[in-house]
1. Scanning for something within 12 Å of the chain's Cα centre (by Cα) and among the basic types (Lys, Arg), does segment 25-36 turn up at least one residue?
2. Within segment 5-29, work out how many residues are in contact with a Pro (Cβ under 9 Å, 6 or more places away or on another chain), more than 12 Å from Ile57 (Cβ to Cβ) and among the β-branched types (Val, Ile, Thr).
Amino acid sequence: MQGSEQEVREWWLVAPELGERLSAAGLPVLQFGELRMWGRFHSGGELADDPDLRGAIGAAQSAATSPSVRAPQRRARPGRGNLASAARPSRAA
């Protein structure tokens with residue numbers, strides 16, 4: 001619905017500088033001491049494709065106030081991914 005509040009679908013821990021940029025772009029950012037949590041409106045897609053995140057980073061980069069900031073990347077979780085590519089200790093015969 002147009003004009004209604006958007007619902008936060010995910011919360012992400014972000015770096016302080018990125019939290020400031022997201023907050024300046026009008027996005028929900030909560031601060032707990034030194035931690036910043038960004039409320040993401042989109043769910044299920046890659047962070048690099050999030051329009052709000054791209055807009056906040058792009059606006060900051062075009063202002064050229066500081067070095068570029070990349071979107072947070074998902075980290076591989078233990079036990080997931082291609083086992084063939086995982087490093088395995090060698091065994092002596």
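Readers should treat all values here as calculations from the given coordinates under stated rules, not as data from a laboratory. Please read these numbers as outputs of a predicted model, since none were measured by experiment. With ideal geometry, Cβ positions are generated from the backbone for all residues, glycine too; neighbour counts draw on all protein chains shown.
1. yes
2. Of the residues in that region, 1 qualify.
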